[in-house]
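Have a look at the structure below, then the notes.
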There are 2 protein chains.
Amino acid sequence: MLEPVNNRMPISPQIYERLRRAITTLAMLPSEALSEQDLAQQLGVSRTPVREALIRLADEGLIDILPQRGSFVAPIRLSDVEEAQFIREALEVSVVQKLAGHGSSAFIAAGRVNLAQQAKAVAEGDRELFLELDEGFHRSLCEEAGLPKSWRVIQVVKLQMDRVRYLSLPEPGHLETLLAQHVAIFEAVETGEAKQAGARMAAHLREVLRTVQRLNVARPDLFGQ
Amino acid sequence: MLEPVNNRMPISPQIYERLRRAITTLAMLPSEALSEQDLAQQLGVSRTPVREALIRLADEGLIDILPQRGSFVAPIRLSDVEEAQFIREALEVSVVQKLAGHGSSAFIAAGRVNLAQQAKAVAEGDRELFLELDEGFHRSLCEEAGLPKSWRVIQVVKLQMDRVRYLSLPEPGHLETLLAQHVAIFEAVETGEAKQAGARMAAHLREVLRTVQRLNVARPDLFGQ
DNA sequence: TCATACACACTACCATGGTAGTATGTCAAC
DNA sequence: GTTGACATACTACCATGGTAGTGTGTATGA
């Protein structure tokens, strides 16, 4: 299930990355046990780098470490997801408000390319590709605004929403809605309408939250607390 | 300099806590080396928990780990401090806006006590106590708003400002200004004036940033990049 | 005098062994 | 059948040894 690591590069970050991906894509389900020993064997490494990866994941709220008992994939806590949404909204609204009217021409050009690719992905029904472009879209807003740390924060809190989004049910017209919102946000940023940009970003992120809440009804087994 | 740890409790978090405090209080200065080996000896523990603490501190941007070379207290990067301020402002403004008019009576009572203590600390010129009460004031806003994770984020980005604030020059009337701003924010929260509360919080946090910028001029040796 | 090769001391990094603490299953006593 | 004590099999946690990579000083060459 987990392929051996690349020995030419630092091991601990590699393990962190794989586990994070496994958790956010729900390859590892909530409350599943994560033994240092087992993981080390599966990956063909020692327990030390595994342990370090687990600690990082625990800091980010993706796993729960119970001392002398075990480590487990954290349940999806609706309160955590809702607060993640709150944090994202506060930050990203401020980001686009700051960015509005100040995007470089290179940024504008790259944004248009990204949105075109999003449209293509939607047309082809390629959900996974769309989510990837989605992530790139939001990241580029932070980077262009000169706010890399903000993106880091967003990325971490976003993890809580990601693993539900990943499996969220294919609803007709949903991707189209998200794409249209992206386009609207980008337009407001491009023309410098700061307030509009912020309002549209807020509406967009609330749409994402609704996805999660629907899933809470459809798959209560994934949720906890 | 560093006292031995308490063996009855998990060691790694203890070390993290001590190093964090040492860095934010400038007991350890920027660019100072932090050797796993040395720290382990000083603390009377092995290198493993020290290493885990260093990794956490690196994640939070307080130290820089250069593979196979060493770990060093991170310089104060003005760009980091400015972005920390941006993040705090975005979050805390949203927090007080959400909280305004919804504080419980217990919260209001506790807030008044805290502000009275702040006033006493200011009157007595007890800077350290004031900073502690200041932290408690901001934390209580997040907690009462039901946003513990937000406080965690704020706490982490705040670290960047803390170590400069800690040594920042005693300016006549500065603490009085901060206290007055706290009172004004609290009033707006109490009476439910959400917009006012947000605006006052923004002004307050910008005042804090100015402190840092003054210090950049006075003590350029602490800054880097 | 200056440039270059090289030995050495140092680092973070990973592997591995040992320990205290927790849960679980088994068996005896009631 | 129920409850309690106890052995056992896990766990995370810390200690320690070994290794590859990096910087620095030193000797050797021109």
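Summary table below
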read-out: Acute angle (nearest 10 degrees) that the helix A:174-191 long axis makes with the longest principal axis of chain A, alpha-carbon atoms; value: 60
read-out: Occluded residues from the stretch B:66-114, i.e. those whose accessible area drops by 30 Å² or more once the chain is not alone (1.4 Å probe); value: B:80, B:83, B:86, B:87, B:90, B:91, B:94
read-out: Helix-derived mean residue ellipticity, 222 nm - over chain A, DSSP H n ≥ 4, -39500 (n - 2.57), to 500; value: -23500 deg cm²/dmol
read-out: Filtered GluC sites (Glu not before Pro), the stretch B:102-151: DSSP coil and at most 16 other beta carbons within 10 Å; value: B:124
read-out: Cα-centre dipole for the stretch B:11-73 with unit charges at Cβ (Lys and Arg positive, Asp and Glu negative), debye to 20; value: 100
read-out: Cα-Cα over 24 Å, subset of A:149/B:158; B:98/B:120; B:98/B:158; A:120/A:195; A:98/A:120; value: B:98/B:120; A:120/A:195; A:98/A:120
read-out: Inverse mean reciprocal Cα-Cα distance (Kirkwood Rh) of chain B, Å; value: 18.8
read-out: Residues whose placed amide H lies under 5 Å from that of residue A:224, excluding near-sequence neighbours; value: A:76, A:77, A:78
read-out: Protein accessible surface hidden between A and B, which excludes ligands and nucleic acids, total in Å², probe 1.4 Å; value: 1800
read-out: Dipole in debye (nearest 20) - the protein assembly as shown, about Cα centre, beta carbon charges: Lys, Arg +1; Asp, Glu -1; value: 280
read-out: Helix B:47-59 axis, angle to chain B major axis (alpha carbon atoms, nearest 10°); value: 40
read-out: Cα-centred dipole magnitude for the stretch B:78-222, charges only on beta-carbon of K, R (+1) and D, E (-1), debye, nearest 20; value: 220
read-out: Helix B:11-24 axis, angle to chain B major axis (alpha carbon atoms, nearest 10°); value: 70
read-out: Complex-versus-alone comparison for the stretch A:132-178, residues with a loss of 20 Å² or more in accessible area, probe 1.4 Å; value: A:147, A:149, A:150, A:153
read-out: Whole-Hz ³J(HN,Hα) from phi, Karplus 6.51 cos²θ - 1.76 cosθ + 1.60, for the stretch B:216-225, glycine and proline x; value: 4, 6, 6, 10, x, 5, 7, 9, x, 6
read-out: Leading residue at positive end of dipole, the stretch A:151-213 (Cβ point charges), from A:194, A:177, A:154; value: A:154
read-out: Solvent-accessible area per residue, Å², over the stretch B:138-211 with all protein chains present [probe radius 1.4 Å]; value: 41
read-out: For residue A:63, residues with placed amide H under 5 Å, excluding near neighbours; value: A:58, A:74
read-out: In Hz, Karplus ³J(HN,Hα) per residue of the stretch A:108-119 (6.51, -1.76, 1.60; θ = phi - 60°; x = Gly, Pro); value: 4, 4, 5, x, 5, 4, 4, 5, 5, 5, 4, 4
read-out: In order through the stretch A:197-213: 3J(HN,Hα) via Karplus (6.51 cos²θ - 1.76 cosθ + 1.60), integer Hz, x for Gly, Pro; value: 4, x, 4, 5, 5, 4, 4, 4, 5, 5, 4, 4, 4, 4, 4, 5, 5
read-out: The stretch A:48-98-the stretch B:202-224 distance, computed between alpha-carbon centres (Å); value: 31
read-out: Surface share of carbon and sulfur [accessible, 1.4 angstrom probe, percent] for the stretch B:173-220; value: 55
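The values are calculated or read from the model by the stated rules, or taken from the named source; none is laboratory data. What you see is a predicted model, and the numbers here were worked out from it, not measured in a lab. Please note: Cβ atoms are built from the backbone with ideal geometry, for glycine as well, and neighbour counts cover all protein chains shown. Calculation scope for accessible area: heavy atoms of the full protein, side chains included, ligands and nucleic acids excluded. Shrake-Rupley method; radii C 1.70, N 1.55, O 1.52, S 1.80 Å.
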